[in-house]
Amino acid sequence: MQQYYPDPKLKRILERTQYKKHPKWAKRKWVRRILAMIVPISGIIIYFYNINTPKPIYVQDELFIKVTNISIPLCMAIFFSIPYIAYRKILEGSCVTDSRDRDNDTLVITDEELKYIYHPSYKSNMVLFTEFQIRFEDITKIIYNTYNNRVDVYGKQKEIYYRDFTTGEIARVADIDDPNETIRLYLYFEENEEILKTLQERSTAEMKIIDYPTE
């Protein structure tokens, strides 16, 4: 039996960059560019409008006029940047992968099966864990995506939900008899090459390698 643990540095890098590899992020690039262009354009338009607008006769202080000519366009540019920032944050949230939902994850590989265990990070109870098990003989397909830096393992599997992983107390067990069910492994482990090699050697399914963004 072999146990594999995440490399903290690799995991941090993947979690910070994975959303940019989502197909939606690339497709919405034109929207982000338009919203970003609005910011300087609005500032320039308001600047020239402001300096060419006659000032009230009671406003004669040159320093005040100069500060106003700069501060008003700057404030408006900041105001017009809000839609860009908001849209980017919303888009990023919709492109974030489930790699951020996994804490204390461990990959266990025996002669007969693969086990993937982790704590769902959105659960406050730290003893709640999820475990996916799949026998090598039940694997129907393996897709290694080098662009997204992850491998999807397809096949019938068992899902175990622990009420308390430290004591082994189980809340629910589900047997998924679906050859298209997937276990997704993000390759931020310390021995990624060894994991891929073992999958190829112990499974009868052929590993397909792709290099383009997928959901």
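Using heavy-atom solvent-accessible surface (probe 1.4 Å) with all chains present, what is the largest-first order of CYS75, CYS95? All intermediate terms of the calculation are to be shown ahead of the outcome.
Working: CYS75 80, CYS95 0 Å².
The ordering from most to least exposed comes out as CYS75, CYS95.
Residues whose amide H falls under 5 Å from that of PHE129, counting only those 5 or more places apart or on a different chain, are TYR162, PHE165, with hydrogens built in the peptide plane.
For the chain, dividing the convex hull volume of the Cα atoms by the residue count gives 167 Å³ per residue.
Dipole of the chain computed with +1 at Lys/Arg Cβ and -1 at Asp/Glu Cβ about the Cα centre; of VAL173, ILE82, ILE45, farthest Cα towards the positive end is ILE45.
Could you tell me whether the stretch 134-176 comes out rounded, prolate or oblate from its Cα gyration tensor? Rule is a ≥ b ≥ c as square roots of the eigenvalues, rounded for a/c under 1.5, then prolate if a/b exceeds b/c, otherwise oblate.
Working: a/c = 3.65, a/b = 1.84, b/c = 1.98.
Because a/c hits 1.5 or more and a/b fails to exceed b/c, the stretch 134-176 counts as oblate.
In the context of the full protein assembly, SER94 retains an accessible surface of approximately 60 Å², using a probe radius of 1.4 Å and ignoring ligands and nucleic acids.
Of ARG28, ARG33, ARG150, which has the most accessible area with a 1.4 Å probe, and how do the rest follow in descending order?
Values: ARG28 95, ARG33 140, ARG150 5 Å².
Ranked from most to least accessible, the order is ARG33, ARG28, ARG150.
In this structure, ARG33 and GLU215 have a Cβ-Cβ separation that, at R0 = 25 Å, corresponds to a calculated FRET efficiency of about 0.65. Only DSSP H runs of four or more residues enter the estimate; each adds -39500 (n - 2.57), and after division by the residues of the chain the mean residue ellipticity at 222 nm equals -13000 deg cm²/dmol.
With a 1.4 Å probe and all protein chains in place, put HIS119, HIS22 in order of accessible area, largest first.
Values: HIS119 0, HIS22 25 Å².
Putting HIS119, HIS22 in descending order of accessible area: HIS22, HIS119.
With R₀ fixed at 22 Å, the C-beta to C-beta distance from GLU92 to SER124 puts the FRET efficiency at about 0.40.
Taking the Cα centre of the chain as reference, the dipole from Cβ charges on Lys and Arg (+1) and Asp and Glu (-1) amounts to some 1560 debye.
Think of a 1.4 Å ball rolled over the protein heavy atoms: the chain then has 61 Å² of accessible area per residue. Measuring with a 1.4 angstrom probe and ignoring ligands and nucleic acids, GLU201 comes out at about 120 Å² accessible. Expressed to the nearest 5 percent, the antiparallel share of DSSP beta bridges inside the chain is 90 percent. Each residue was assigned an accessible area with a 1.4 Å probe, and for LYS208 the value is about 120 Å². Of the residues ASN145, PRO120, SER203, the one whose Cα sits farthest towards the positive end of the charge dipole of the stretch 109-215 is PRO120 (charges of +1 on Lys and Arg Cβ, -1 on Asp and Glu Cβ, taken about the Cα centre).
Leaving out ligands, DNA and RNA, and with a 1.4 Å probe, what % of the accessible surface on the chain is carbon or sulfur?
On the way: 7430 of 13160 Å².
Looking at the chain in its full context, I get 56 percent from C and S.
Taking only pairs that are 8 or more places apart or on different chains, how many Lys pairs in the stretch 59-215 have Cα atoms under 22 angstrom apart? The result is 14. The simple spin-label model puts a point 7 Å past each Cα toward its Cβ; for THR146 and ILE82 those points are separated by 4.6 nm.
The values are calculated or read from the model by the stated rules, or taken from the named source; none is laboratory data. Keep in mind it's a predicted model, so treat the numbers as computed, not measured. Using ideal geometry, Cβ is built from the backbone for each residue, glycine included, and neighbour counts are taken over all protein chains shown. These area figures cover heavy atoms from the full protein model, side chains too; ligands, DNA and RNA do not enter into them. Shrake-Rupley method; radii C 1.70, N 1.55, O 1.52, S 1.80 Å.
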